[in-house]
Amino acid sequence: MSGRASQILHISTGGELGGAERVVLDLARGLHRERFQVHVLVPRHGRLAEALRAAGIPTLVVEYWGRGHRLGRYSSWREYASALLSLPHVARTIRALARFVNETPIELIHAHGIKAQAFSAGLALFVRARIIWHVHDFLRHRRFWRGFQVLGRRVPDLLLVPSRAVAREFAGWGNVLVIPNGVDLQHFSPSPLQRADGPRRVGMLGALAPWKGHEVFLRAAERVSRILPGVEFLIVGDEIYDTTGHRGFRRRLEREAARRGLASRVRFTGFCADVAAILRELSLVVHCSLDPEPFGRVLVEAMACGVPVIATRGGATEEIVREGETGLLVPPGDAERLAEAIIALLQDPQRSAQMGRSARAWVEGAFDVRAQIRRIEELYDSLLS
Ligand code: UDP
Ligand code: GLC
């Protein structure tokens, strides 16, 4: 390769390590370093900034939306109104970051999540960089959908989405590209030891957020326990979002588990830095989001570790799970069907093991992070040429 590296600025909406932030981290670490010099703007100190710095990625920590960062899907209009007080701060930050972009000079801005995208729309007034909006959520039912449509048609050169399900929200837009997320298949790999007769463990992994359906998991756990009393249930993850409506959820779930007589059967691990290590201890992973899942990295991570999955139908899960082959799909919010599916797989270890092997093979072909990165490099090349 000759010539200098293209300077790319990724902007993250979140500062912890949920799915979208893991994508930022994978790209920052994986993009060809001689061709792309990646900088990342994150809204606060946290696990994402720590991981980026540990990987030697230039990281700017700027609370670019001020108190607007606390706004989320559960915020009230009153909270939105009070965030307006941050507008002078936002305006100053846009000017300061625009100077950074122009002086570096950054040639391409890759914005993940709605706050990063709205911020990039402000930057676009002052900079000439190309802009990608990487949409990690379903937006049509969100209150800023109208605003998104107006800006989304003008500001970015391209919308990047992780699944055909998310792309369907933008039917007719023309500038939408689907690149599925991938995972590191060396890191997420099956345990070399066959789990034969160890304890049977069913895990649910992900941020503790009401829409992820932990309550359905607990209801299903109660039903499963009546039939298979030796099964352990793990809830892996924490309240990583500081947007309104997330605090106190873990306490609520712990009380709910106790109320259902599951205190000794359900373990809350908190945030786990090494998810692969936990996955290798599991017989089964359950993903029971109540709302459609835009992608669902944990499904791919579990399958990469050779663990079969049970997911709720809707969103991208039908693209990610091959029903009956790498896992099972059940209707959202239906604890009874979920319990039946868990029992069916736990009672048939041979079928589960076969599903785990098929899952690994499927993920190797469809969700390799190296393939994702290669496609994004090609996209950058085409936008920058
Ligand atoms: N995760 C993690 N530690 C935990 C729980 C989850 O690192 O304790 C990671 C998990 O490995 C996955 C991400 O968080 O990469 C969750 O991504 P997903 O796309 O499944 O859902 P999201 O939370 O982004 O909606
Ligand atoms: C968001 C979505 C999740 C997706 C992740 C990465 O956090 O909720 O489904 O896997 O982004 O694209």
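Give me the Debye-computed log₁₀ of I(q)/I(0) at q = 0.16 Å⁻¹ for the stretch 38-139, equal point scatterers on Cα only, no solvent, two decimals. Once normalised to I(0) and log-transformed, intensities are -0.75.
Charge dipole (Cα centre; +1 on Lys/Arg Cβ, -1 on Asp/Glu Cβ; no other charges) of the stretch 140-276 amounts to roughly 700 debye.
Placing unit charges on the Cβ atoms of the charged side chains and taking the dipole of the stretch 1-108 about its Cα centre, the candidate lying farthest along the positive direction among Ile94, Ile106, Trp77 is Trp77.
Distant-in-sequence amide contacts of Ala207, defined by a placed amide H-H separation under 5 Å and a gap of 5 or more residues or a different chain, comprise nothing. Here the Karplus relation 6.51 cos²θ - 1.76 cosθ + 1.60, evaluated at θ = phi - 60°, turns the backbone of the stretch 264-280 into coupling constants of 8, 9, 9, 10, 9, 8, x, 5, 10, 6, 10, 5, 4, 4, 5, 4, 5 Hz, with x for every Gly and Pro. In the chain, the DSSP-assigned H stretches of four residues or longer account for a calculated mean residue ellipticity at 222 nm of -12000 deg cm²/dmol, using -39500 (n - 2.57) per stretch and the full residue count as denominator.
The charge dipole of the chain, taken about the Cα centre with unit charges on the Cβ atoms of Lys, Arg (+1) and Asp, Glu (-1), comes to about 960 debye, rounded to the nearest 20.
Taking the convex hull of the alpha carbon positions in the stretch 244-377 and averaging its projected area over all directions gives 9.6 nm². At full extension, Gln149 and Leu125 could sit 6.9 nm farther apart than now, given 0.36 nm per residue minus the alpha carbon distance.
Volume of the convex hull of the chain (Cα atoms only), normalised per residue: 134 Å³. Among the chymotrypsin sites (Phe, Trp or Tyr not before Pro) within the stretch 172-233, those in coil by DSSP and having at most 16 neighbouring Cβ atoms inside 10 Å are Trp173. Taking Cα centre as origin and charging only the Cβ of basic (Lys, Arg, +1) and acidic (Asp, Glu, -1) residues, the dipole magnitude of the stretch 255-329 rounds to 500 debye.
All of the numbers you see were taken from the coordinates with simple rules; none came from a lab. Worth saying up front: this structure is predicted, and the values here are computed from it rather than measured. For neighbour counting, all protein chains shown are included, and Cβ atoms are generated from backbone atoms with ideal geometry for every residue, glycine included.
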